[in-house]
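Chemist: I'd like to ask you about the structure that follows.
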Amino acid sequence: VIHSRGSMGRSLPCIPQSCSACSRETTMPITKSEASRLSRRTGMKLEQFTWSNNGILTLLNNEKTKACVFLLTDSSNKNAEGLCSVYDIRPKGCTTYPYVLDKDDQVILDMGCPYKESFPQPTEEDAMTLLNLEDRLMRGE
């Protein structure tokens, strides 16, 4: 499967496999503007889909499925199928996954992604995107 970097028509190797591992037991941080957009589009209140993780808004997991509250699934199995109900407006951290920052702020492919070998190696652009997002989160934007 070819992974295209362009935002239009991006082909992710995990989608044809119905993989939803990235949305399971997640600790995905989101900006205040992303939270506001999700609230407006879903009609949900912030406390219905976020929690404060050391002052940073973080997506909640469903107690039963242990998956992001926006993942449409009935199963708690990490390998079960699931569909993101907010895919078109998902947070930046979700769109950049499986690229994440390690403890030294270096961009890496997350070890938790079952299809990480199918993604290209991270680029300097990926690093800048994630560092910018981290900066926005730390400033409370």
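Chemist: Full extension from Asn77 to Trp51: what is 0.36 nm times the residue separation minus their Cα-Cα distance, to one decimal in nm?
Modeler: Net length gain for the segment: 7.1 nm.
Chemist: Placing +1 at every Lys and Arg Cβ and -1 at every Asp and Glu Cβ, with all other atoms neutral, what dipole size does the chain have around its Cα centre, in debye to the nearest 20?
Modeler: Details: 17 positive and 18 negative charges, 111 e Å.
Dipole size: approximately 540 debye.
Chemist: Using the Cα atoms of the chain, I'd like the radius of gyration and the largest Cα-Cα distance, Dmax, both in angstrom.
Modeler: 14.7, 39
Chemist: Calculate the spin-label point distance for Arg139 paired with Lys116, positioning each point 7 Å from the Cα along the beta-carbon direction, and give it in nanometres.
Modeler: Inter-label distance under the simple model: 3.0 nm.
Chemist: Under the rule a/c < 1.5 gives rounded, and otherwise a/b versus b/c splits prolate from oblate, where does the stretch 56-112 land using the Cα gyration tensor?
Modeler: It comes out prolate by the Cα gyration axes.
Chemist: Straight-line reach only, C-alpha to C-alpha below 20 angstrom: list the aspartates and glutamates that Lys32 could link to, leaving out same-chain residues fewer than 8 apart.
Modeler: Those aspartates and glutamates meeting the cut-off are Glu47, Asp88, Glu134, Asp135, Glu141.
Chemist: Among the lysines, select those whose C-alpha is under 21 Å from the C-alpha of Lys116, and discard any that sit fewer than 8 residues away in the same chain.
Modeler: Cα-Cα hits under 21 Å: Lys78, Lys92, Lys103.
Chemist: What order, most packed first, do the peptides 29-38, 12-21, 120-129 have when packing is the mean number of other Cβ atoms within 10 Å of each residue?
Modeler: 29-38, 12-21, 120-129
Chemist: Kindly provide the trypsin sites (Lys or Arg not before Pro) of the stretch 46-141 that DSSP labels as loop, not H, G, I, E or B, and whose Cβ sees at most 10 other Cβ atoms within 10 Å.
Modeler: Working: sites: Lys64, Lys66, Lys78, Lys92, Lys103, Lys116, Arg136, Arg139; in loops: Lys64, Lys66, Lys78, Lys103, Arg139.
Loop-located and lightly packed - Lys64, Lys103, Arg139.
Chemist: Shifting gears a bit: Sort by residue number and name the cysteines in the chain that have no neighbouring cysteine Cβ under 4.7 Å.
Modeler: Cys22, Cys68, Cys84, Cys94, Cys113
Chemist: May I ask you to give the percent of accessible area on the stretch 1-127 that is carbon plus sulfur, with a probe radius of 1.4 Å?
Modeler: 50 percent
Chemist: Go ahead and run the numbers for FRET between Arg40 and Tyr87, Cβ-Cβ distance against an R0 of 25 Å, rounding to 0.05.
Modeler: With a Förster radius of 25 Å, E is 0.95.
The values are calculated or read from the model by the stated rules, or taken from the named source; none is laboratory data. Remember, it's a predicted structure, so these values are computed and weren't measured experimentally. Cβ coordinates were reconstructed from backbone atoms using ideal geometry, including for glycine residues, and neighbour counts include every protein chain displayed. Only protein heavy atoms, including side chains, enter the accessible area calculation; ligands, DNA and RNA are left aside. Shrake-Rupley method; radii C 1.70, N 1.55, O 1.52, S 1.80 Å.
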